[in-house]
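Worksheet: the structure to be examined is printed underneath.
The values are calculated or read from the model by the stated rules, or taken from the named source; none is laboratory data. Since this is a predicted model, take the numbers as computed values, not measurements. We place every Cβ from the backbone using ideal geometry, glycine too, and count neighbours over all the protein chains shown. Quick note on the areas: whole protein, heavy atoms, side chains included, nothing else; ligands and nucleic acids left out. Shrake-Rupley method; radii C 1.70, N 1.55, O 1.52, S 1.80 Å.
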Amino acid sequence: MANPSTEIEVLAQELERIGHNLDALQARVAELEMVIPRLQTAAETTARALEEVSSHWDAVYRAMRRTD
């Protein structure tokens, strides 16, 4: 059987490694939480711009039909 203190040390090292990984994941989640609102704003701006472009194309098509 392995030395109990060695097993405890190995477990402690693994728990420390897992703790560091968890800290890194939490930091990444915090970064994502800051980016998400900016992405939502960009998506809304893009949607408005696409609506505007679409309305311009609709006007072009209507004008083309009038000349026919």
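Criterion applied to A24, A49 was being in a helix (DSSP H, G or I), under 18 Å from the mean Cα position of the chain (by Cα), among the small types (G, A, S) and modelled with pLDDT of 95 or more, and the one residue passing it is A24.
Report yes if T41 is at pLDDT 95 or above and part of a helix (DSSP H, G or I), otherwise no. Against the criterion (at pLDDT 95 or above and part of a helix (DSSP H, G or I)), T41 qualifies. Scanning segment 42-68 for residues that are among the β-branched types (V, I, T) and open to solvent by 80 Å² or more (accessible area, probe 1.4 Å) gives a single hit, T67. Looking across segment 1-17, the residues that are open to solvent by less than 90 Å² (accessible area, probe 1.4 Å) and either touching a helix residue (DSSP H, G or I) at 6+ places or on another chain (Cβ under 7 Å) or in a helix (DSSP H, G or I) (or both) come down to P4, S5, T6, E7, V10, A12, E14.
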